[in-house]
Amino acid sequence: MSSQFHFANLSPDLLLDALDSVNVRADSGLLALNSYENRVYQFLAEDGQRYVVKFYRPERWTDAQIQEEHDFTHTLLNNDISVAAPISLNDQTLHHYQHCRFALFPSLGGRSFEVDNLDQLEQVGHSLGRIHSIGQNPPFSARPTLGLEEYLFQPRQILEQCPLIPQTLRQRFFEQLDLVIQEVAQLWQSISWQPLRLHGDCHPSNILWRDGPLFVDFDDARNGPAIQDFWLLLSGDHNEQRIQLDTLLEAYEEFHSFNVKELALIEPLRALRMVHYMAWLAKRWDDPAFPRAFPWFADAQYWEGQLIALQEQLMTLRQPPLTLQPQW
């Protein structure tokens, strides 16, 4: 059904009719929030409550994969972990109207998470330990496991077809990209890890601060190594990152053990994210929202910068990985 729906068809009338189909009536608002993969709107309903509605991008996730995300967030919420979980209406969290799929969430506010605040990092470590303790059994069955095919090999094919890469850079760009892929593949295969259900995109903007951390946007949830939910929270030089990791992991291990060998995956994961992000923009370029939001993606200067970034990442991949303080 979703293949017949496109975001260009998501008119205000369709949005309101979809909400009305689950007996939710918007009184005001319909404020578009900062989301490109899906379409997300905040509104005030007639019951006086403020909600967020998410319309899912067609053909990205199956219904079963979306439902696994919803079920995971509800499991976490039922275990007193503060997450943004969809509202159940008529015993359902995923709704269909005509050819679109959507979910309703409470509108949850909060302050920005302070990445340089060690007290806040400690609380985030506690929460991640609890999330991963729940996420270790069972893993997702419908959602994928983070790996090289989705994040390196398929993106490489997408970039090969991208007409925005300047001809003068293409040969050097793909030579460098292939060297990065080769290095990442060797490192990835040399480290064993237990797949866990993860947030998957645990960067600081996906954590709001209330009385503690509130984790939002589980849209990229999948199976993967625990370190995937840590490395995006690290900033600064190696010494600062060591302090941050020590703080996170000391709290984390009160609830779940951490395999320190996974630290060697940080730079491979960074490379995966770099390549996947470029391919994501290329794949979505036909969506009118993307050229408007990311006009620099079509500039030669951007691709020159990406070539340099790949060169620098290759050097980093060949250096010893980040280590913890001696007590570890």
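The values are calculated or read from the model by the stated rules, or taken from the named source; none is laboratory data. For clarity, every value in this text was computed on a predicted model and none was experimentally measured. Here the Cβ is made from the backbone with ideal geometry for all residues, glycine too, and neighbour counts use every protein chain on show. The accessibility values were calculated without ligands, DNA or RNA, using every heavy atom of the protein model including side chains. Shrake-Rupley method; radii C 1.70, N 1.55, O 1.52, S 1.80 Å.
Within the shell defined by Cβ-Cβ distances under 12 Å, the residues around Pro166 carry a net charge of 0, with Lys and Arg each +1 and Asp and Glu each -1.
Estimated translational diffusion coefficient (Stokes-Einstein, Kirkwood radius over Cα pairs, 4 °C, 1.567 mPa s) of segment 275-328: 95 µm² per second. Note on the chain: with a GNM built from Cα contacts shorter than 10 Å, the maximum mean-square fluctuation among His96, His74, His203 falls on His96. All distinct Cα pairs of segment 117-217 go into the 1/r average, and the inverse of that average, the Kirkwood radius, is 16.9 Å. Using a simple spin-label model with pseudo-atoms 7 Å out from Cα toward Cβ, Asp80 and Asp299 lie 5.1 nm apart. Projecting the Cα positions of Gln167, Pro288, Leu307 onto the charge dipole of the chain (unit charges on Cβ atoms of Lys, Arg, Asp and Glu, taken about the Cα centre) puts Gln167 furthest along the positive direction. Summing charges over all other residues whose Cβ lies under 15 Å from the Cβ of Tyr51, with Lys and Arg as +1 and Asp and Glu as -1, gives 0. When restricted to Cα atoms, segment 222-328 yields an Rg and a Dmax of 17.0, 52 Å, respectively.
Put a plus charge on the Cβ of each Lys and Arg, a minus charge on the Cβ of each Asp and Glu, and nothing anywhere else: the dipole of the chain about its Cα centre is then about 600 debye.
Once you divide the Cα radius of gyration of the chain by 2.2 N^0.38 Å, the number left is 1.04. Surface analysis of segment 9-126 yields an accessible area of 49 Å² per residue, using protein heavy atoms and a 1.4 Å probe. Each Cα pair of segment 158-239 feeds into the Kirkwood radius, which the Stokes-Einstein equation turns, at 25 °C and 0.890 mPa s, into a diffusion coefficient of 153 µm²/s. Legend: Rg and Dmax of segment 1-120, from Cα coordinates, 15.2, 48 Å. Computed in the context of the full set of protein chains, the accessible area of segment 106-183 at 1.4 Å probe radius has 46% of its extent on carbon or sulfur. Dipole orientation for the chain: of the candidates Val184, Ile87, Ala226, Val184 has the Cα lying most toward the positive pole (charges on Cβ; Lys, Arg +1; Asp, Glu -1).
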